[in-house]
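The values are calculated or read from the model by the stated rules, or taken from the named source; none is laboratory data. All values reported here derive from a predicted model rather than from experimental measurement. FYI the Cβ positions are ideal-geometry reconstructions off the backbone, even for glycines, and counts take in every protein chain you see. Keep in mind that these areas ignore ligands, DNA and RNA; they rest on the heavy atoms of the full protein, side chains included. Shrake-Rupley method; radii C 1.70, N 1.55, O 1.52, S 1.80 Å.
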Amino acid sequence: MKSKSAIVIGAGIGGITAAIHLARAGFHVTVLEKNSRPGGRCNRFSREGHHFDTGPTLFVMPLLYEAEFLALGTSMYECLDLQRVDPTYHLVFDNGSRLALTSDMKSMQAQLESIQPGSFQGLQRYLQEGERHYQLVLDRLVNRDFRRASDLFNFQNLALIFRLKPFINHYHNMSAYFDEPRLKSAFTFQDIYMGLSPFEAPATYSMMPYTELAHGVWYPKGGMYRVVESLMELARQAGVEFIFSSAVERIDTNASHVRGVLLAGGSRLEADVVLANADLPYVYQHLLPHDGLAKALARKRFSCSVISFFWGVDKTYEALAPHTLFLADDYRENFERIERDLSLPANPSLYLHAPARLDSCMAPPGQDTLIAIVPVGHLSEDGQQDWGELRDEARGHVFRRLRTLGINDIEAHIKFEETYTPLSWAKRYNLMKGSTHGLSHTLTQMACFRPSNRHPRYRNLYFVGASTHPGTGMPTAMVSARLVAERIRDEL
Ligand SMILES: Cc1cc2nc3c(=O)[nH]c(=O)nc-3n(C[C@H](O)[C@H](O)[C@H](O)COP(=O)(O)OP(=O)(O)OC[C@H]3O[C@@H](n4cnc5c(N)ncnc54)[C@H](O)[C@@H]3O)c2cc1C
């Protein structure tokens, strides 16, 4: 019998992983990618011996990766050479005080007690809550498909409303554990990974600081792009065909089904099923006939964006830890400027990554590879944001923050710089509004409230990736790929 054919639009983590599952299930799979290399947001560039992961830099939720590699028929440990990063982050506050987040509870106790006496006990209780949330979210929300609303709204799940604190905002919930604002921010900033402010994220997200401390933040030797390279190897072994530099211009539809895709060059490819890994709202907006669904999606909440700086420097900055976070005192104002004003905060919290601290191959000997990420608002409808100006302001903030660590000479040592603004994210990967984490993860945009991974009208058009269920993040993109591949196998 002739095998069924699938076209996957986009070679991001979700697209490649789904392609492997489908090929292993007997489909003939072709992946079409607009760029010249795979990875999507999880990407990399190299220059003069410096290697930069341009998107993800944190390998978090290792148990999810482990399970997803197993589902692909292999072991994560065979594919990746992982080292644990501990302390995970070095936090630096406006008053110069510091906190190294570590799984060494003796060290945490000493550090926390010096910031707020009695707070270590608060951390222990907070981590217990985080563990409960983590287990429930993974079992009941992440690791399952929501094909219909009754998959969420049933008697069994009623208890989730009380146990996951979905209606209590995360920052507000911190008062049950800490009084000191620096500690409240130290254990809520992770919400930004969902593209959310802790002032509107549900308290459920205490699961993130929990998993980072309990299961660790890791680093694959060679950088995060090793994950993409490993998946590509598995895809090739499974017989997946990749066509790069090949942008899909339209999805070919009839009244109830899709027939294939039309490429930018004018050619047409047919398939039994089309799986879109390109950002879901972009697909509705640009690749499908316009309808009310595209408009409704464009009105949904989108996550923030970031301005990223990639610097090759001719000197090593040993004082810089692998992951440094500068957390601003005006924490709430920071998120308001990003979410409400779609702009750059006056005193932004920001992140600095020095991968050569973890793997010396990431920079030439005696030199350094530095990445700075400054969260900002996504692209506005009115197009009034001046990204050149905001980028220069953001750069100034990074230099200012580095001076607080005694690093005064960075500008003189930068050999070259690359920058990404929200415009770059939109252009490179077709991300709607340049939003780096896709559709936001507010309560009304989670689980069965997230757009379905199958189109409601075109029965053989499916979706995978950050703007689908379960949402943003590399391991979650792999989960999303497994869930949709199972659905395709069930329904086709
Ligand atoms: C700055 C940044 C930092 C992050 N940090 C982390 C982190 O530390 N840890 C973590 O786990 N996650 C992190 N993430 C999130 C993570 O990168 C994403 O959630 C994940 O990579 C998304 O994968 P995806 O499957 O949605 O595919 P995407 O990465 O969105 O890939 C989709 C692909 O589709 C292609 N495409 C689009 N339109 C077309 C078209 N018309 N034709 C053909 N191809 C098309 C795009 O070029 C792209 O390659 C970060 C993201 C960013 C941007």
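Total residues in the stretch 1-45 satisfying the condition of being more than 15 Å from the ligand (Cβ to nearest atom), outside any loop (DSSP other than H, G, I, E, B) and in contact with a helix residue (DSSP H, G or I) (Cβ under 6 Å, 6 or more places away or on another chain): the figure is 2.
Among the candidates LEU327, LEU320, the residue that is more than 16 Å from the ligand (Cβ to nearest atom), under 22 Å from the mean Cα position of the chain (by Cα) and modelled with pLDDT of 95 or more is uniquely LEU327.
Scan the stretch 222-240 and give yes if some residue there is in contact with a His (Cβ under 7 Å, 6 or more places away or on another chain) and modelled with pLDDT of 95 or more, otherwise no. Yes, the stretch 222-240 has at least one match. Looking across the stretch 211-240 at every residue that is open to solvent by less than 30 Å² (accessible area, probe 1.4 Å), away from the ligand (no atom under 13 Å from the Cβ) and in a loop (DSSP other than H, G, I, E, B), the one that is farthest from ALA276 (Cα to Cα) is identified as GLY216. So if I check each of GLU318, GLU270, which one is without any contact (Cβ under 8 Å) to a residue 40 or more places away in the chain and over 26 Å from LYS427 (Cβ atoms)? Being without any contact (Cβ under 8 Å) to a residue 40 or more places away in the chain and over 26 Å from LYS427 (Cβ atoms) holds for just one of GLU318, GLU270, which is GLU318. Of all residue pairs spaced 6 or more apart or on separate chains, those with beta-carbon atoms under 7 Å, a first member in the stretch 2-18 that is in contact (Cβ under 8 Å) with a residue 60 or more places away in the chain and a second member that is among the hydroxyl-bearing types (Ser, Thr, Tyr) and within 8 Å of the ligand (Cβ to nearest atom) are GLY14/SER480. Checking each residue of the stretch 452-466 against the condition of being in contact with a Leu (Cβ under 9 Å, 6 or more places away or on another chain), open to solvent by 20 Å² or more (accessible area, probe 1.4 Å), within 13 Å of the ligand (Cβ to nearest atom) and within 30 Å of ALA346 (Cβ to Cβ) gives no match.
Give the number of residues within the stretch 401-443 that are touching a residue at least 40 places away in the same chain (Cβ under 8 Å) and either assigned to a helix (DSSP H, G or I) or within 15 Å of the ligand (Cβ to nearest atom) (or both). Residues in the stretch 401-443 being touching a residue at least 40 places away in the same chain (Cβ under 8 Å) and either assigned to a helix (DSSP H, G or I) or within 15 Å of the ligand (Cβ to nearest atom) (or both): 28 in total. In the stretch 241-309, counting only strands (runs of 3 or more DSSP E) that sit wholly within it, the ones holding 3 or more residues that are among the aliphatic types (A, V, I, L, M) span 258-263, 273-276.
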